[in-house]
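Peer 1: The structure follows.
Each reported figure results from applying straightforward, stated rules to the coordinates on display, with no laboratory input. Being a predicted model, the structure only gives us computed values, none of them experimental. No Cβ is skipped: glycine too gets one built from the backbone with ideal geometry, and neighbour counts run over all protein chains shown.
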Amino acid sequence: MILRILGEGQYDVADHAIDRLNDLDGAVEAAVEAGDEAAFTAALAALLDGVRTVGVPHDLDSLDESDLILPPSDASIEDVRHLLAGDGLIPG
Amino acid sequence: MSIMKRMSLIFRAKANKALDRAEDPRETLDYSYQRQLELLSNVRRGVADVATSRKRIELQLAQLEQQGAKLQGQAEKSLQMDREDLAREALTRKSALSGQIEDLRTQHAQLQAEEEKLTNAQKRLQAKVESFRTRKETIKATYTAAEAQTRINEAMSGIGEEMGDVGMAIQRAEDKTATMQARAGAIDELIASGALDDASSVNAGDDISRELEAMSSKSDVETELMRLKGLSAPAAPDAIEPGAGEGEQR
């Protein structure tokens, strides 16, 4: 699978590694829902580190679309809500 | 997969929406390529802007550090002259400066990080724009308008995602730089107002300098007086000393 960390670029991640990332992603979502900024920062850092660790950088000159897109490393909960509010999935 | 998946869907939808559509799908490729080149020059300008802000902060840091060193020197000199009150004043000002310097260092680190991010974004976009150009020429040369659509969609959505990402990176960098420029402007004003005592205004000096100067010129006078008194006591060497000095100069 190809994952993109916004502001960083694309990574190739083996399918079997996705489950682990899903858990980390779940923690990010829980923190966003709870509005817990400290938990969010830690969870996002863990998720992105996970992607960087299990993934290898995707070819720079490829025109492949990513399967999954992740928020930038310096994102706040507000930023993520803003990104997701693009077509109103999260109210407010 | 919630956050990742939702974000991907939204991002893709936006990227697709932003695509220009022409009657002949092959023309779409040229339109898109033009926009890619524009974005590439935007990101280059973004890198230059952030670098300018970073250099401005470096300049301010140098000024403030110079001022800090000057205050330190004044404090030492004041103590040598037994003026603890002046030394205290100089050190108080120096500690106020230290706060500003810390703050500027943090900003400097942030700008450096932003500059690096944008430079990398530029590299990534550059590589993708190059391959898009090659792909575009191949598609135009090989396929009829009807056949081309699928290939075009593939090429467009891949680069559309990168363009969306780079566009966001530029926006974030601009926002950060704007905040820091406002603060840098405030510090420039502070320096200009003399509140931080601009070290470059040698003539004006500051009150601590003035007092130290007054004291040292006073003590110079005393030293000179003592010397003259000492010299005038014995009769003979009175004329010899200046003469000896002149002799060395010749």
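Peer 1: Can you pull the Rg over Rh of the stretch B:1-66, Cα-only, Kirkwood?
Peer 2: 1.29
Peer 1: A follow-up question, please. Between rounded, prolate and oblate, where does the stretch B:57-136 land on the alpha carbon gyration tensor, with a ≥ b ≥ c its root eigenvalues, rounded for a/c under 1.5, else prolate if a/b exceeds b/c?
Peer 2: prolate
Peer 1: Ranking A:GLU29, B:GLU147, A:GLU8 by Cβ neighbours within 10 Å, fewest first, what do you get?
Peer 2: Fewest to most other Cβ atoms nearby, the residues stand as B:GLU147, A:GLU29, A:GLU8.
Peer 1: Continuing with this model, one more query. Find out how many positive minus negative residues lie around A:ASN22, taking Lys and Arg as positive, Asp and Glu as negative, among other residues whose Cβ is under 11 Å from that of A:ASN22.
Peer 2: Values: positive: A:ARG20, B:LYS5; negative: A:ASP19, A:ASP23, A:ASP25, A:GLU29.
My count for the surroundings of A:ASN22 gives -2.
Peer 1: Apply the Kirkwood formula to the protein assembly as shown: the hydrodynamic radius equals the inverse of the mean of 1/r over all pairs of different alpha-carbon atoms; give it in Å with one decimal.
Peer 2: Every distinct Cα pair counted, the radius reaches 25.3 Å.
Peer 1: Take every DSSP beta bridge whose two residues both sit in the protein assembly as shown, then give the antiparallel share in percent to the nearest 5.
Peer 2: Values: 6 of 9 bridges.
Bridges in the protein assembly as shown that DSSP calls antiparallel: roughly 65 percent.
Peer 1: Taking a ≥ b ≥ c as the square roots of the Cα gyration tensor eigenvalues, with a/c under 1.5 meaning rounded and otherwise prolate when a/b beats b/c, else oblate, which class fits the stretch A:1-43?
Peer 2: Details: a/c = 3.46, a/b = 1.67, b/c = 2.08.
Taking the square roots of the gyration eigenvalues as a ≥ b ≥ c, the stretch A:1-43 is oblate.
Peer 1: Take each uninterrupted DSSP H stretch in chain A, measure its Cα extent along the helix axis, and return the ones at 18 Å or beyond whose mean Kyte-Doolittle hydropathy is at least 0.0.
Peer 2: Values: long enough: A:18-34 (24 Å, 0.11); A:37-54 (25 Å, 1.12).
Sorted by number, the helices that extend far enough and score high enough are A:18-34, A:37-54.
Peer 1: For B:GLU161, B:GLU130, B:GLU115, which order do you get if you count the other beta carbons within 10 Å of each Cβ and list the fewest first?
Peer 2: B:GLU130, B:GLU115, B:GLU161
Peer 1: Follow-up question, since we're still on this one. Once you have the Kirkwood Rh of chain A from its Cα pairs, apply Stokes-Einstein at 4 °C and 1.567 mPa s and quote D in µm²/s. Can you show the working numbers first?
Peer 2: Working: Rh = 13.6 Å.
Using the Kirkwood radius from Cα pairs, D works out to 95 µm²/s.
Peer 1: So, in Å, what gap is there between the alpha-carbon centers of the stretch B:1-64 and the stretch A:1-41?
Peer 2: One Cα centre to the other: 23 Å.
Peer 1: Give me the one-decimal nm value for the distance between modelled label points at B:GLU102 and B:LYS55, 7 Å along each residue's Cα-to-Cβ direction.
Peer 2: 3.0
Peer 1: Further question on the same structure: Below 8 Å between Cα atoms, with a sequence gap of 6+, how large is the relative contact order for chain A in percent? Please report the intermediate quantities before stating the final value.
Peer 2: Numbers: 110 pairs, mean separation 36.9, N = 92.
Here the relative contact order equals 40 percent.
Peer 1: Moving on. A:ASP61 to A:ARG81: FRET efficiency via 1/(1 + (r/R0)^6), r the Cβ-Cβ distance, R0 35 Å, to the nearest 0.05? Each step should come with its number before you reach the end.
Peer 2: Details: r = 33 Å, r/R0 = 0.96.
Once the sixth-power term is evaluated, E becomes 0.55.
Peer 1: Let me ask something else. Net charge near B:ILE101, counting Lys/Arg +1 and Asp/Glu -1 over other residues with Cβ under 13 Å of its Cβ?
Peer 2: Net local charge, B:ILE101 excluded: -1.
Peer 1: On to the next question. May I ask you to sort B:LYS70, B:LYS218, B:LYS136, B:LYS14 by Cβ crowding, counting other Cβ atoms within 10 Å and putting the fewest first?
Peer 2: Details: B:LYS70 19, B:LYS218 11, B:LYS136 22, B:LYS14 15.
Ascending Cβ contact count within 10 Å gives the list B:LYS218, B:LYS14, B:LYS70, B:LYS136.
Peer 1: Where a ≥ b ≥ c are the square roots of the eigenvalues of the C-alpha gyration tensor, would you call the stretch B:1-117 rounded, which needs a/c under 1.5, or, failing that, prolate if a/b is larger than b/c, or oblate? Walk me through the numbers on the way to the answer.
Peer 2: On the way: a/c = 8.09, a/b = 3.23, b/c = 2.50.
Note, shape of the stretch B:1-117 comes out prolate.
Peer 1: Antiparallel as a % of all DSSP beta bridges within chain A, to the nearest 5?
Peer 2: 65
Peer 1: Counting Lys +1, Arg +1, Asp -1, Glu -1, what net charge surrounds B:TYR33 among other residues with beta carbon under 9 Å of its beta carbon?
Peer 2: That sum, taken over residues with Cβ under 9 Å, equals +2.
Peer 1: R0 = 25 Å: FRET efficiency of A:ALA39 with B:ALA178, Cβ-based, nearest 0.05?
Peer 2: 0.25
Peer 1: Once you wrap a convex hull around the alpha carbon atoms of the stretch B:84-190, what is its projected area averaged over all directions, in nm²?
Peer 2: The Cα convex hull of the stretch B:84-190, projected and averaged over all directions, gives 8.8 nm².
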